[in-house]
Structure formats: structure tokens, C-alpha cells
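Values in this text are rule-based calculations from the coordinates and carry no lab data. Keep in mind that what you see is a predicted model, and the values were worked out from it rather than measured. Here the Cβ positions follow ideal geometry from the backbone for every residue, glycine too, while neighbour counts run over all protein chains shown.
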Amino acid sequence: MPAPELLKEGGRQMTICNACRYCEGYCAVFPAMEQRRIFTKADLAYLANLCFDCRDCYYACQYAPPHEFGVNIPKLMAELRTETYREFTWPAMLSGLFKRSGLGACLITGAALIVLLFLVLLFMGRDVLLTTHIAAGAFYRVVPYAAMTVPPLIIALYGLTVFLIGAVRFWRETGGGLSTLLDGGALWRATRDAFGLTYMKGGGAGCDYPGASFSQSRRWLHHLVFYGFLLDLASTSVAAFYHHFLAWQAPYPLLSWPVVLGTVGGVGLLIGAGGLLYLKWKSDRDPSAARMLSMDVAFLVLLFLTSLTGLLLLALRETAVMGALLIVHLAMVAGLFITLPYGKFAHVVYRYAALVRYAIEQRRMESGAR
């Protein structure tokens, strides 16, 4: 649906919901909606990113299809979120990646694999891929340390820049001054709700996902992905500390902090991403948006493959396949982080910003009620 028609449809459905208010206890969207009588483009962007796609409202709604009103809030919000990501990203010429997440992820990851393999063969020789490497510095005999760290650092800094620009644009568009971002109370409340996935509980019993029955499975699988990702980042950070400050080179012992954190995080990501892919496959398509579903699947597949290749690399690091596995794993990591700003991960930034705005609104309401 083109953007003008989507905004018009968003206003129509929100007006119906605002008159009904049956679903006000399900999530933050409906209390925020009730503070508005008309729904501007900025309002819809804010509400869409406040939605956690729990789908409780869809299955509870008396006006959902096949009713003539055709109210389908989860699908509407997903379509609006996709437009949000495209509109606020930087640079604008790359916004098209949100339309073709799966294709983009495949092409970029494939290109990363080809480039890495070519460079290793060119500068390190074929033998490094067929030889067993053991002891400290084994990985760097295949890919030098500088080549393994400098490009990822540049990619990460670029991604952070894209997210920062997008967050500032979103905040300004939805009517917030930058000074309000320094509201400690709102930041704490938003952080608590984000880390606890508060609104993925729906009305308390969980999401209606993958079908019309309450379940906490989606919430717990998200926890595995989120905290698994953080543990892997922690593993990388500890390994960097070991390398630069203690002069200890990878690979590290199985019971070392980098390996323990990375293994637990990798297993969490593997189970979480795999479980969410299964739920996506089983889910009801009526309350979903095709582009968002494609974005979800592309991101989850990359997460799953990155975790899988990382764990295989750990298990087989003292065998002759280590070199080849290292190349494949690094290509997966490159594909994941290059596409991170232009895929599903963008929801982390915009949803957190929406939660901060909601916390500010709620506190103002509570203050006014006293």
C-alpha cells in the first residue's frame, strides 16, 4: 500500500479503535492512542513502533476481517513500521534494502564470502585452509588479526551512525526535543520495559502467536536471542581485553571467559532464532505484513547461521577444516553486521525511542491526575 493510502488507512483504523477501546489493557499502544483524537503521520509512526506485534488485539477484535470495518492493527502497524525504517534511515539511497531484505542479505553475505576467500587465497595461500592450526594465534594464521578486527570495527561504527541518525530523525518527527532524551526516569522505565519485553506479554497471558491462543513462547525466544546477542558481544569484548591488555591470543581454553560467554550466547541465539523461525513458519498470515515477515526471516536466518558456524568453529578449531570454517563464519558475521542497519534490527532503535516517549507521556498523565 503506498504511503499516503497507508496513512489514511492508519487514521481510519485508529479512529475505530479509539471509539471502541476494548483492547486498552493489552499493550502500550492503546493507552497512547487514547491521548489522541486525530492521528497524524508522526502519531502513527510513534504508535507503530510502540507495537510489539503480540496480536492479542487482532483475535479479540469484533471489527477484524471479515467484518466490513476490516480492522487489522498488527498488519497495519507492521506496514507502518516498515515505512518508518525506510523514511528515517541514512543514507536514503539504501532505504530500498528494507524492501528486499532477503535478497540483500543473501547477496551481501555471498559477496563477503567471495571477497574473504579471494583475499585469503591471494595473501595467505591455499595451504592455510587445509592445514591444522593449534595453539595461540591459530586463527590469525588464516586471517591476520588486523584484517579480522579493523573492517568489523568500521562496519560497527557505520551501523551505529546510521542508527543514531535514524533515532534522532524519529524523535524529532514524533514531536520530541532532544533535551527530553535526557529524562532519566523515562530512560529507566523504557529500559526496564525493553529488557523485560513487558509488552510482549499482551494482556498478561502472552502473545496470540503463532495462532489464536495465548503463549509466552515468543517472549522467551526473544529473550534467548536478545541476551544471547549481548553475551556474544561480551565475549568479543573480553577477548579484545585479553588480546590487547594481557597479550593472550585466541583461541582460548574452553573454560575461559570468552569461550564460556560465547558458547552460552551462541546456544541462546541458535535456539532463539531457530524457535522464532519455526513460529514464523507456523504463524497466521492474516495479521502479518509481507515485507516485515521477509525482514524477520532474513534477520533470523543470518543470526541462526552466524551462531551455528561459530559453534562449529569452536568444536572443530583443532581440525583441518578450521580455516574454511573461519572464513564462512566471518562472512556470516560480515553479512549480519553490514545489513544490521537496513533490516529487522532497526526495530530495537525505534521501539526503544517509542518506549521512552511513552514513559514521558505516562508520567505526565500520572502527574496531571494527582
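Miscellaneous remarks
- Neighbour-count ranking [beta-carbon atoms within 10 angstrom, fewest first] of His222, His329: His222, His329
- Comparing Cα centroids, the range 20-86 and the range 217-296 end up 30 angstrom apart.
- Result for the chain in a Gaussian network model with C-alpha springs under 10 Å: among Arg55, Arg218, Arg141, the largest mean-square fluctuation is at Arg141.
- Fewest-first ranking of Leu80, Leu94, using other Cβ atoms within 10 Å as the exposure measure: Leu94, Leu80
- With 0.36 nm allotted per residue and the present C-alpha distance subtracted, the Arg285-Ala320 stretch has 8.1 nm of extension available.
- Residue with peak Gaussian network fluctuation, the chain [Cα springs, cutoff 10 Å], from Ala28, Ala315, Ala334: Ala315
- A value for Rg/Rh (Cα atoms, Kirkwood Rh) was derived from the coordinates, and within the list [x] 1.01; [y] 0.97; [z] 1.07 it appears as [x].
- For the chain, the mean residue ellipticity at 222 nm estimated from helices alone is -22500 deg cm²/dmol, where every DSSP H run of n ≥ 4 contributes -39500 (n - 2.57) and the total is divided by all residues, rounded to the nearest 500.
- Thr15/Val150 FRET efficiency (R0 56 Å; Cβ-Cβ; nearest 0.05): 0.60
- Judged by the ratio a/c of the largest to the smallest principal axis of the C-alpha gyration tensor, the range 3-88 counts as rounded, that ratio being less than 1.5.
- Entries of Lys75/Lys201; Lys41/Lys344; Lys41/Lys282; Lys8/Lys280 with Cα pairs more than 23 Å apart: Lys41/Lys282; Lys8/Lys280
- Of the residues Thr198, Thr309, Thr132, the one with the fewest other Cβ atoms within 10 Å heads the list, and the complete ranking is Thr132, Thr198, Thr309.
- Estimated FRET transfer efficiency when R0 is 30 angstrom, pair Asp183-Phe245 (beta carbons, to 0.05): 0.25
- Label-to-label distance for Thr161 and Gln62 is 5.4 nm, based on points extended 7 Å past Cα in the beta-carbon direction.
- Result for the chain in a Gaussian network model with C-alpha springs under 10 Å: among Pro152, Pro258, Pro91, the largest mean-square fluctuation is at Pro91.
- Additional length obtainable on full extension of the chain from Glu24 to Ser237, 0.36 nm per residue less Cα span: 72.5 nm
- Using a Förster distance of 25 Å, the FRET efficiency for Ser217-Thr191 (Cβ separation, nearest 0.05): 0.55
- The range 304-357 and the range 89-145: distance between their alpha carbon centers, rounded to Å: 12
- Here is what passes the span test in the chain: the DSSP H helices with alpha carbon length of 27 Å or more along the helix axis and a Kyte-Doolittle mean of 1.6 or above are 101-123, 290-315.
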